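**Student:** The following block contains the structure, expressed as structure tokens.
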Amino acid sequence: MSDVALTRDGPVATITLTRGERRNALGPALIAQLTQLFQALSLDDTRVIVLTGEGSAFCAGADIDWMRNSRTLSHDENVADAASARTMFETIDVCPKPVIARINGAAMGGGAGLVACADVAIAVPEAKFAFSEARLGLLPAMISPYVLRSIGPGHARALFVTAEVFGTERALELGLVHRMVPADELDAAVADTTEQLLACGPYAIAACKKLVRDATASLALPDLPDRIAMLRSGMEGQEGLAAFLERRKPEWIPESPES
């Protein structure tokens, strides 16, 4: 069964994450399918790509089963696992076609990374965002180049270390989101942006995207899979994931003083 669906309306392709029962959480199959779709759409006559989620969430981050399985992987296996996610984000980011993120709900962790990879992000007021990895003893390595480019190092540093959950208004202020509209106007807003993109030259759009990537190339680091694997397979990452799965506080949170 596919974790993504592709629909077309002329030159516009819409990719929908279809794991609504899991809030469209990222797992190995979804990552592979999304990578393959963006690779294919990069080469055909598609002019605009819309990325959205089924149900109440855009993408809630990493799938719980994927996180659970990562606890048993070796360092090298974790590197390979992280590299597949990196390939997905990079494939979306290098896509020469303009990408609109149609954010219908929560975009957490890797979901916020997908938003940062998009060229235009349109969200409903009720959406929530977070770079929540530090709460699990991990780090948002795979999405960091795109988030740093999107909101700058100052805001990224603050949000990475606090893992703060923030709303669409804050995301708009930061530059992670470019437009906020009510849910019943979301499709119209996407259609309006699509019309603007179709009025621009496709080769010019591709050149504009490459220009920004080239100008911010220093934000990308070659060892990101190793960095996340180091924490995933380390004591703190193992404890953080265990605490999350067991629905308890990790051991590094201080006990509340007795009243």
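**Student:** Has segment 132-142 got any residue that is surrounded by 17 or more Cβ atoms within 10 Å (Cβ to Cβ), in contact with a helix residue (DSSP H, G or I) (Cβ under 8 Å, 6 or more places away or on another chain) and of a type in the set (S, T, N, Q)?
**Tutor:** Within segment 132-142, not a single residue is surrounded by 17 or more Cβ atoms within 10 Å (Cβ to Cβ), in contact with a helix residue (DSSP H, G or I) (Cβ under 8 Å, 6 or more places away or on another chain) and of a type in the set (S, T, N, Q).
**Student:** How about segment 55-82: which of its residues are within 29 Å of ALA123 (Cβ to Cβ) and surrounded by fewer than 19 Cβ atoms within 10 Å (Cβ to Cβ)?
**Tutor:** Across segment 55-82, the qualifying residues are GLY55, SER56, ILE64, ASP65, TRP66.
**Student:** Follow-up question, since we're still on this one. What pairs come out if I take residues in segment 65-84 that are closer than 9 Å to ALA229 by Cα and pair them with residues that are of a type in the set (Ser, Thr, Tyr) whose C-beta lies under 8 Å away, six or more apart or interchain?
**Tutor:** Listed pairs, sorted by first residue: SER74/SER233; HIS75/SER233; ASN78/SER70; ASN78/SER233; ASP81/SER70.
**Student:** Show the residue pairs meeting these rules: Cβ distance below 9 Å; 6+ apart or different chains; first residue within segment 130-144 and closer than 20 Å to ARG68 by Cβ; second residue polar (S, T, N, Q) and in a helix (DSSP H, G or I).
**Tutor:** Listed pairs, sorted by first residue: ALA134/THR162; GLY137/GLN238.
**Student:** Are any residues in segment 106-117 under 15 Å from MET180 (Cα atoms) and surrounded by 24 or more Cβ atoms within 10 Å (Cβ to Cβ), and if so, which ones?
**Tutor:** Listed by number, the residues that qualify are ALA107, VAL115.
**Student:** Something else now. Do you know which of the residues in segment 83-92 that are surrounded by fewer than 21 Cβ atoms within 10 Å (Cβ to Cβ) and not hydroxyl-bearing (Ser, Thr, Tyr) is farthest from ALA141 (Cα to Cα)?
**Tutor:** In this case the residue turns out to be GLU90.
**Student:** Among the listed residues PRO153, PRO125, identify the single one that is surrounded by fewer than 17 Cβ atoms within 10 Å (Cβ to Cβ), touching a Gly at 6+ places or on another chain (Cβ under 9 Å) and either of a type in the set (Asp, Glu) or at negative phi (or both).
**Tutor:** Just a single option satisfies the conditions, and that option is PRO125.
**Student:** Now for a separate question. Which residues, counting only those in segment 149-178, are under 27 Å from GLN238 (Cβ atoms) and either of a type in the set (Lys, Arg) or part of a helix (DSSP H, G or I) (or both)?
**Tutor:** If the condition is that a residue be under 27 Å from GLN238 (Cβ atoms) and either of a type in the set (Lys, Arg) or part of a helix (DSSP H, G or I) (or both), then ALA156, ARG157, ALA158, LEU159, PHE160, VAL161, THR162 are the ones that fit.
**Student:** Evaluate segment 146-154: report whether one residue or more is in contact with a Phe, Trp or Tyr (Cβ under 9 Å, 6 or more places away or on another chain) and closer than 30 Å to ALA243 by Cβ.
**Tutor:** Scanning segment 146-154 turns up at least one residue that is in contact with a Phe, Trp or Tyr (Cβ under 9 Å, 6 or more places away or on another chain) and closer than 30 Å to ALA243 by Cβ.
**Student:** If we scan segment 222-238, do we find a residue that is at pLDDT 80 or above, assigned to a loop (DSSP other than H, G, I, E, B) and of a type in the set (Lys, Arg)?
**Tutor:** no
**Student:** What residue, among those in segment 186-221 that are among the charged types (D, E, K, R) and exposed (fewer than 13 other Cβ atoms within 10 Å of the Cβ), is farthest from the chain's Cα centre (by Cα)?
**Tutor:** In this case the residue turns out to be GLU195.
**Student:** Now for a different question. Can you tell me which residue within segment 23-54, out of those that are farther than 19 Å from ILE143 by Cα and among the β-branched types (Val, Ile, Thr), is surrounded by the fewest Cβ atoms within 10 Å (Cβ to Cβ)?
**Tutor:** Checked segment 23-54; the qualifying residue surrounded by the fewest Cβ atoms within 10 Å (Cβ to Cβ) is THR46.
**Student:** Here are some conditions: (1) modelled with pLDDT of 95 or more; (2) in contact with a strand residue (DSSP E or B) (Cβ under 9 Å, 6 or more places away or on another chain). ALA32 meets all but one. Which one does it not meet?
**Tutor:** ALA32 satisfies every listed condition except (2).
**Student:** Still on this structure, I have one more. Out of everything in segment 127-147 that is charged (D, E, K, R) and modelled with pLDDT under 95, what residue ends up being nearest to the chain's Cα centre (by Cα)?
**Tutor:** Within segment 127-147, the match that is nearest to the chain's Cα centre (by Cα) is GLU133.
**Student:** Scanning segment 239-259 for residues that are of a type outside the set (Phe, Trp, Tyr) and in a helix (DSSP H, G or I), which turns out surrounded by the most Cβ atoms within 10 Å (Cβ to Cβ)?
**Tutor:** Of everything passing the filter in segment 239-259, GLY240 is surrounded by the most Cβ atoms within 10 Å (Cβ to Cβ).
**Student:** Where residues in segment 36-51 are touching a residue at least 60 places away in the same chain (Cβ under 8 Å) and not in a loop (DSSP other than H, G, I, E, B), which of them is farthest from the chain's Cα centre (by Cα)?
**Tutor:** Result: VAL48.
The values are calculated or read from the model by the stated rules, or taken from the named source; none is laboratory data. Because the structure is predicted, anything quoted here is derived from the model rather than measured. No Cβ is skipped: glycine too gets one built from the backbone with ideal geometry, and neighbour counts run over all protein chains shown.
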